[in-house]
Amino acid sequence: MRKSVAFKLEDKEIKFFIFTFLLSSILDLIGFTVFESFFKAFFIGLHHFVICYVLTLLLSLIPDCLKKIYKALVFILLSINFLIDIVCIYSFHFTFDREVPAILMGTNVNEAFEFIHTFVPMTLIFLIIFSILLFYWLYNWLKKKIVHFGWKFHVVLLIIVLLGLISFAFVSWDNFGNVSVTKIVTFLKSSKTPDLKNYMLDPDVRFIKKQKPRNIVMIIGESFSKSHSSLYGYEKQTNPLLYSLYKTNLLFKYNNVHSPALTTIPAFQSVMSTYRLEYKDRVNWYECLTLQEILKKSGYYTCWISNQSEKGFHDNIISKYAYLCDKHVFSGNRFAAMGKKDLDEILVDSVAKYKMSIKNTGYCFYFIHLMGSHPDFKKRYSSAFAYFQENDYLYCKQSQKEQLAHYDNSILYNDSVVYEIMNMFSKDEAIVFYFSDHGLDVYDSRDDYVGHARYNNDKSVKAGTNIPFFIYMTPLYQKKFTDEYQKLIKNTDVEYCTDNMIYTIMDIIGVTIPDMSLSFSKSLLQ
């Protein structure tokens, strides 16, 4: 029998504790100190201290024949944790948060390679290799080092563990449960994507108007930052075709619209349902009323046409909304839209095809999901749209010019695709919405950063949430729905978030739900 296991660990177990503590916590301590505060970093340190002490206690209790297996498993998990943290901190300049697992779970293999190519520079690869060698040396040094830890060391160890346990009472899981070795729990919680068909609410939809539009189109772009749209004053002419519609009073731009989220999945959860991100875990997103169910109950045939992937490493949450539609079409294979052959222009033919096939169904609602300006930017446009070149960015740093040219060319290409889709409905009774799921931080917050906006920087958040928002109303729609048309053009300057799209659509089609609280909603027709 071992004596006082909880109090006095063997020297080799203390070495295991030191190694696991450093491997699990060093990046969080650096990241929270730099991007959050030293106070948070201190509590994170206590958090890791307790967990690593528990891991060491478990090592002391298991049979000797299983110790090597146990150590290998712990080291593998902590190494994965380390790699995730180093990418978050070095490439994205933020600490791990609860949105990261959702992004990874919704990513496919090709997207992962594009991510590595775009956001993992050689300097980071060298840093990872150096870190691996450093921890390998540290492990061997601790293993060979002859050190005897006296009772005073164990008392100090237990005092710190006690402080760490006390700190758990003052620190919420939402803040710190996702930024330590316990982030594995976050991944497990994110690994299951519910089937939304099992949570349909059968709402009591009632019409409050006699007429509704025959065609409604919602084009959802990807990673289009408002600051790179010439319709909003950007110096480069990135929206010439949409501007031609704007000049003829067919297209209207909305000037104060923002996305509810900085990444695609939470943005879609809010746009496609009554869920709001501020609900957090108080409300399950998959139990909220969806736009698709309201449309079906209102007599609309729904069609989802996408140039993004149907599946991810685990599954794609966005696809669950597509499956609620009467027809869902993903333009390519399982990993669509990852090469030049899968540019967004293929959606134009898809929309035309399905528009022809469902034109006799009466009232139609089209969800069209573009690949837009998703990184890697140079893969998002054809050679015919390579209009902007590095020498067009004279006042920018040399390191930025190539990425800016590729990004603006992808916006220019996106302009042509959106124009073609809108023009396809020009002779119909139709209203067409276009907005991006979110924007990007394209050197807005740092001279060396391009990517999803970072929640810990105000400039980055502004870049990521300020999005272009256009409404195209055909002559037939304007003539038939004069009141709605007047209200929509009156509100081009109101502040609006796309998590209110479901309420705007309800007003467009003239429906209400008696038992639904609408006091917090904000429609563009109000």
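Applying the condition of being farther than 23 Å from H438 by Cα and not charged (D, E, K, R) to segment 389-410 and asking which residue is surrounded by the most Cβ atoms within 10 Å (Cβ to Cβ) yields Y393.
Any idea which residue in segment 6-35 is modelled with the lowest pLDDT, counting only those that are open to solvent by 30 Å² or more (accessible area, probe 1.4 Å) and in a loop (DSSP other than H, G, I, E, B)? Restricting to residues being open to solvent by 30 Å² or more (accessible area, probe 1.4 Å) and in a loop (DSSP other than H, G, I, E, B), the top hit is A6. Restricted to segment 227-277, and to residues there that are small (G, A, S) and part of a loop (DSSP other than H, G, I, E, B), the residue that is surrounded by the fewest Cβ atoms within 10 Å (Cβ to Cβ) is G233. Scanning segment 198-221 for residues that are surrounded by fewer than 19 Cβ atoms within 10 Å (Cβ to Cβ), under 29 Å from the mean Cα position of the chain (by Cα) and of a type in the set (A, V, I, L, M, F, W, C) gives M200, L201. I'd like to check something: does segment 469-491 contain any residue that is farther than 16 Å from L250 by Cα, hydrophobic (A, V, I, L, M, F, W, C), touching a strand residue (DSSP E or B) at 6+ places or on another chain (Cβ under 9 Å) and open to solvent by 10 Å² or more (accessible area, probe 1.4 Å)? No, because not a single residue in segment 469-491 is farther than 16 Å from L250 by Cα, hydrophobic (A, V, I, L, M, F, W, C), touching a strand residue (DSSP E or B) at 6+ places or on another chain (Cβ under 9 Å) and open to solvent by 10 Å² or more (accessible area, probe 1.4 Å).
Applying the condition of being in contact with an Asp or Glu (Cβ under 6 Å, 6 or more places away or on another chain) and open to solvent by 10 Å² or more (accessible area, probe 1.4 Å) to segment 440-468 and asking which residue is nearest to Y90 (Cα to Cα) yields K459.
Tell me which residues, restricted to segment 327-363, are at pLDDT 80 or above and crowded, with 23+ Cβ neighbours inside 10 Å. Across segment 327-363, the qualifying residues are D344, L347. What helices (runs of 4 or more DSSP H), lying completely within segment 36-133, carry at least 2 residues that are at pLDDT below 75? Those helices (runs of 4 or more DSSP H) span 64-91, 99-105, 109-119. Any residue at all in segment 72-79 that is over 31 Å from the mean Cα position of the chain (by Cα), farther than 25 Å from A453 by Cβ and open to solvent by 60 Å² or more (accessible area, probe 1.4 Å)? Within segment 72-79, none of the residues are over 31 Å from the mean Cα position of the chain (by Cα), farther than 25 Å from A453 by Cβ and open to solvent by 60 Å² or more (accessible area, probe 1.4 Å). Applying the criterion of being open to solvent by 30 Å² or more (accessible area, probe 1.4 Å) and under 19 Å from D441 (Cβ atoms) to the residues of segment 368-388, the residue that is modelled with the highest pLDDT is K378. For the list (1) at pLDDT below 95; (2) within 19 Å of V257 (Cβ to Cβ); (3) touching a Lys or Arg at 6+ places or on another chain (Cβ under 7 Å), I need the number of the one condition that I467 fails. Condition (1) is where I467 drops out.
Within segment 386-424, the only residue that satisfies the criterion of being within 20 Å of L245 (Cα to Cα), touching a Leu at 6+ places or on another chain (Cβ under 7 Å) and aromatic (F, W, Y) is Y419.
The values are calculated or read from the model by the stated rules, or taken from the named source; none is laboratory data. Keep in mind that what you see is a predicted model, and the values were worked out from it rather than measured. Note that each Cβ is placed from the backbone with ideal geometry, even for glycine, and that neighbours are counted across all protein chains shown. For accessibility, only protein heavy atoms count, side chains too; no ligands or nucleic acids. Shrake-Rupley method; radii C 1.70, N 1.55, O 1.52, S 1.80 Å.
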